[in-house]
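Okay, so here's the structure we're looking at.
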Amino acid sequence: MKKLGIKIVQIYCFVLTLSTYGQEVPVDFDMKWSEKTGASKSVRWDEIICQDETGLYMIEAKRVGAGLKKQKYFLEHYDKQLKLINSEEINFKGDGNKRIFEKAYQLGDKIYVFSSFFNEKHEKMYLFAQSINKNNLQYNSDLIKLVEIQFYGNGRNKQAGFNFDISMDQSKLLVFGKPSIKGSDKERFDIHVFDKDLHELCSKEAELPYRDDHFKVLNYEVNDLGQVFVVGDMVSESDEDDHKIIAYRFSKEDETYKEQILTLENADVKYVQMKINNDQDAVFGGYYSSIQSDTIIGCFYFTLDAKTADVKQSCQQKIPENFVSKYMTDSEEDKKIYETITSENPTLNHYVLSDMEVLDDGSVVLIGEQNYSYQVTSAGYSQESSVNPGIYTNKGGYSLTYYVYGDLMVVRMTSGKIQWVKNIPKKQISVEDYGYYSSYLPATWENNVILIFSDHSYNYRIPEDGTPYVFAIGGMSSGAYMVTIDEQGNTAKKEFFSRRNDKTISIPKRSTQLRDSDILLFCRKNKSNRFLKISFK
Amino acid sequence: MENTLFFLIVFFFSFNIDYAQDDSSKNVGFYLEDGGLAESRNIFKINLLSLATGDLPFFYERKLSNKYTIEAGAGILLPYYHREIMDYLDYYIPEIVDPKTGYSLWFQAKSYITDDAPKGLYFGIQYRERRYNLPERSIIYTDITGMWGFQKNISKRWVIDYNFGFGYRYKNRVLFKDEEVVLPFGLKIGIII
């Protein structure tokens, strides 16, 4: 009996070594926890501004007032030990609080606070900038007006506004201004590029030959050279299902923009994202489907040359058939489960393109996530009507929304073809919280793709085609896991904190990877917030 | 003499330095100057719908904070009366017959829900008193109602406020006796000062 027991243990250990995940992740890192702050769920870290030799600067947002509808912003400074050393509310009491806080960014070695004001008398919206003293987080006396855009019509509830992007080296600021226009007018936007001292390098007013209600700007980015790339989705006026993805390049040397329509062969673009690579070219990547179909069948990318705005490299390739049949087709069991929940018949294995990364070697990585929600309605109980006796009506009853974040599909493309496609199994389900603790954080380090998410501890050695245990917020058998995928597609998984020991849950959606590659993972448990800094070596 | 010349030179350059100094705060001030529209706290209004029942009031609404305002009004009662909406819902006995003169007083505390006051959806508690001087007596109507309304700009300085409510009416200031249900409706036009 004893020998049988030993044999069973030996077989079990052998089976464990056959799992898809390797023993160790191929990246080395340090972890450091910040102190806990006793803050309610109405407080959240909104944005990381920068990290320098003195520590971290970030923006904290706090909901206040009745119904928690208003927001206050605080600029915070943490030291190298991640201890909060200074916090100042961002307000504009000097001018009667007329201005509204927009963003705060680091440009060069300065932090700027950007604010806006809608002047009804001038019918214009103005953007202002003011630098911050990094030592005491007070404003310096250098408030300037940066940009103005036209506000057509009356009142404040218009679509006009400002959006921003910073170049990879933090030397260029893009202000993307959208003036308010009617749907039947042509699509218009303003591009302003500033250097790190907020001197304007380039200013363009673009009016496209498409109607505003037929064109949607999807993304815009500025590279280190000060060139701006914009990508949009144009819907044909004659056919609602006919979409075109169009890319634009703006440069101060050019009189007007350069347009490039990204066309695929016998395919429709379903999702597209844009990033700037190390050569300052714009890379557009995404999923495609057959003509007028919703089912994703392949991936693509285009690289637009920064100098010529021509397509430098492209790739259009179907996802391997064995991956599609294994992971992207609803099983009969899944269909039955879904039909009991809702009368609709969506594709359970529907992937949404959630992230695109461009690695140091130029490879393009697309990360898609299964993501859907459904409602469960309880009918309540019947009660005889007092007004119409004999007639029964439903009383009470409720409806709950469940949020499901499932498997990840990671595709790596290089030199014009798909190198590998990987399925990362996970299942995160939550109720009535919009999936606050769900989803994942993407990161990269030395050509490795890194995915961080909360998972059930039983999934630690789950194979790629395994059925994962559900991660639910209430369960203690969970933790934060890091999955790495190297250049060859080898995966490894590591738990770096557990709910049981560290008494906290990660919030990947609120977390980020800084420009210097450190990761800040925000976490929360009951009423205390804290974050974890992961520094790669 | 030399000292005088020295001081004159210093003052001259001081003046030049002040003149050449970049006064960015004045430039920024131009962009923030909007004739007081962003800081305006007062609105004067008139209720067009109450004219139908013979009431001509003028209102003043004052912003107290980004969420709360108070509104006060006073009006004259015109020499006619038309029955109100709830009178069509039940058996109606004319009470205000051949009115001569009278006055109305209004007071409402408002809480704005969707936007900064005084714009957007609001909820208020309204007190309204009307004294009708009839040929042989006077009648005082006191309405206490909960009001829902929406106020928005129709131009830079003009606003429109449409509202409705539910409450009770008391007569001759005797509360909780012979009360009637009232369903007030209002359409006000106002100017921001």
From the options A:Asp169, A:Asp213, residue that is more than 14 Å from every other protein chain (Cβ to nearest Cβ), closer than 28 Å to A:Asp310 by Cα, modelled with pLDDT under 90 and open to solvent by 20 Å² or more (accessible area, probe 1.4 Å): A:Asp213
Output for segment A:514-537, where each listed residue is part of a strand (DSSP E or B) and of a type outside the set (A, V, I, L, M, F, W, C): A:Arg524, A:Lys525, A:Ser528, A:Asn529, A:Arg530, A:Lys533, A:Ser535
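Among the residues of segment A:228-239, how many are more than 19 Å from A:Met356 (Cβ to Cβ) and not acidic (Asp, Glu)? Break it down stepwise before answering.
Filtering segment A:228-239 down to residues more than 19 Å from A:Met356 (Cβ to Cβ) leaves A:234-239.
So of that shortlist, the ones also not acidic (Asp, Glu) come out as A:234-236, A:238.
Adding up the residues that qualify gives 4.
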Per-region count, segment A:101-130, residues open to solvent by less than 10 Å² (accessible area, probe 1.4 Å), within 12 Å of chain B (Cβ to nearest Cβ) and closer than 15 Å to A:Asp197 by Cα: 2
Some residue of segment A:510-517 being of a type in the set (D, E, K, R) and over 22 Å from A:Tyr402 (Cα atoms): yes
Of the criteria (1) open to solvent by 30 Å² or more (accessible area, probe 1.4 Å); (2) closer than 23 Å to A:Thr329 by Cβ; (3) not hydrophobic (A, V, I, L, M, F, W, C); (4) not in a loop (DSSP other than H, G, I, E, B), which one A:Tyr458 fails: (2)
Residue in segment A:71-90 that is within 12 Å of another protein chain (Cβ to nearest Cβ) and either of a type in the set (S, T, N, Q) or open to solvent by less than 60 Å² (accessible area, probe 1.4 Å) (or both) present: no
Residue within segment B:20-27 that is at pLDDT 80 or above and either open to solvent by less than 70 Å² (accessible area, probe 1.4 Å) or in a helix (DSSP H, G or I) (or both) present: no
Any chance B:Gly102 is more than 14 Å from chain A (Cβ to nearest Cβ), at pLDDT 90 or above and more than 26 Å from B:Ile192 (Cα to Cα): yes
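Quick check, is A:Lys503 surrounded by fewer than 21 Cβ atoms within 10 Å (Cβ to Cβ), touching a Phe, Trp or Tyr at 6+ places or on another chain (Cβ under 9 Å), under 23 Å from A:Asp46 (Cα atoms) and not hydroxyl-bearing (Ser, Thr, Tyr)? Give the derivation first.
Values: surrounded by fewer than 21 Cβ atoms within 10 Å (Cβ to Cβ): yes; touching a Phe, Trp or Tyr at 6+ places or on another chain (Cβ under 9 Å): no; under 23 Å from A:Asp46 (Cα atoms): yes; not hydroxyl-bearing (Ser, Thr, Tyr): yes.
Criteria not met by A:Lys503.
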Meets criteria (more than 18 Å from B:Leu49 (Cβ to Cβ), within 14 Å of another protein chain (Cβ to nearest Cβ) and open to solvent by less than 70 Å² (accessible area, probe 1.4 Å)) for B:Lys119: yes
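To keep it simple, each residue is scored yes or no on (1) open to solvent by 30 Å² or more (accessible area, probe 1.4 Å); (2) out of contact with any helix residue (DSSP H, G or I) (no Cβ under 9 Å at 6 or more places or on another chain); (3) not basic (Lys, Arg).
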| residue | (1), (2), (3) |
| --- | --- |
| A:Val175 | no, yes, yes |
| A:Ile181 | yes, no, yes |
| A:Phe189 | no, yes, yes |
| A:Asp197 | yes, yes, yes |
| A:Leu201 | yes, yes, yes |
| A:Lys258 | yes, yes, no |
| A:Leu262 | no, yes, yes |
| A:Val269 | yes, yes, yes |
Pairs where the first residue, in segment A:505-530, is without any contact (Cβ under 8 Å) to a residue 60 or more places away in the chain and the second is open to solvent by 20 Å² or more (accessible area, probe 1.4 Å) and in a loop (DSSP other than H, G, I, E, B), C-beta under 9 Å, 6+ apart: A:Lys525/A:Lys36; A:Lys525/A:Lys503; A:Asn526/A:Lys503
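Sort out which residues of segment A:442-455 are within 15 Å of the chain's Cα centre (by Cα), open to solvent by less than 10 Å² (accessible area, probe 1.4 Å) and touching a residue at least 60 places away in the same chain (Cβ under 8 Å), and write them in order of number.
Here is the first cut: in segment A:442-455, the ones within 15 Å of the chain's Cα centre (by Cα) are A:442-444, A:450-453.
Then keep just the ones that are open to solvent by less than 10 Å² (accessible area, probe 1.4 Å); that gives A:443, A:450-453.
Hits for segment A:442-455 are A:Ala443, A:Ile450, A:Leu451, A:Ile452.
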Positions within segment B:32-90 being without any contact (Cβ under 8 Å) to a residue 60 or more places away in the chain, within 14 Å of another protein chain (Cβ to nearest Cβ) and among the polar types (S, T, N, Q), in sequence order: B:Ser65, B:Asn66
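Rundown of residues vs (1) closer than 25 Å to B:Tyr170 by Cα; (2) β-branched (Val, Ile, Thr), yes/no style:
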residue	(1), (2)
B:Leu37	no, no
B:Asn42	no, no
B:Ser65	no, no
B:Tyr68	no, no
B:Glu71	yes, no
B:Asp98	yes, no
B:Ile113	no, yes
B:Lys119	no, no
B:Gln126	yes, no
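Taking the condition of being within 8 Å of chain B (Cβ to nearest Cβ) and of a type outside the set (A, V, I, L, M, F, W, C), how many residues in segment A:131-145 meet it?
So the answer is 3.
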Those residues of segment B:81-97 which are closer than 14 Å to B:Gly54 by Cβ and either surrounded by fewer than 12 Cβ atoms within 10 Å (Cβ to Cβ) or modelled with pLDDT of 95 or more (or both), in sequence order: B:His82, B:Pro94, B:Val97
Members of segment A:461-500 that are open to solvent by 50 Å² or more (accessible area, probe 1.4 Å) and at pLDDT 75 or above: A:Arg461, A:Pro463, A:Asp465, A:Thr467, A:Tyr469, A:Val470, A:Glu487, A:Gln488, A:Asn490, A:Lys494, A:Glu495
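Scanning for something among the aliphatic types (A, V, I, L, M), in a loop (DSSP other than H, G, I, E, B) and touching a helix residue (DSSP H, G or I) at 6+ places or on another chain (Cβ under 7 Å), does segment A:474-497 turn up at least one residue?
Of all residues in segment A:474-497, those among the aliphatic types (A, V, I, L, M) come to A:476, A:480, A:482-483, A:485, A:492.
Okay, now just the ones that are also in a loop (DSSP other than H, G, I, E, B), so A:476.
Narrowing the set further to residues that are touching a helix residue (DSSP H, G or I) at 6+ places or on another chain (Cβ under 7 Å) leaves A:476.
Checked against the condition, which is being among the aliphatic types (A, V, I, L, M), in a loop (DSSP other than H, G, I, E, B) and touching a helix residue (DSSP H, G or I) at 6+ places or on another chain (Cβ under 7 Å), segment A:474-497 yields at least one hit.
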Matching residues, segment B:103-147, being in a strand (DSSP E or B), under 27 Å from B:Arg41 (Cβ atoms) and hydrophobic (A, V, I, L, M, F, W, C): B:Leu105, B:Trp106, B:Phe107, B:Ala109, B:Leu121, B:Phe123, B:Ile125, B:Ile144, B:Met147
From A:Lys62, A:Lys98, residue being surrounded by 15 or more Cβ atoms within 10 Å (Cβ to Cβ), among the basic types (Lys, Arg) and part of a loop (DSSP other than H, G, I, E, B): A:Lys98
Qualifying residue in segment A:146-164 (condition: away from every other protein chain (no Cβ under 13 Å), under 30 Å from the mean Cα position of the chain (by Cα), among the charged types (D, E, K, R) and surrounded by 15 or more Cβ atoms within 10 Å (Cβ to Cβ)): no
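The values are calculated or read from the model by the stated rules, or taken from the named source; none is laboratory data. Fair warning: this is a prediction, and the values are worked out from it, not measured in the lab. Cβ atoms come from the backbone with ideal geometry, glycine included; neighbour counts cover every protein chain shown. For accessibility, only protein heavy atoms count, side chains too; no ligands or nucleic acids. Shrake-Rupley method; radii C 1.70, N 1.55, O 1.52, S 1.80 Å.
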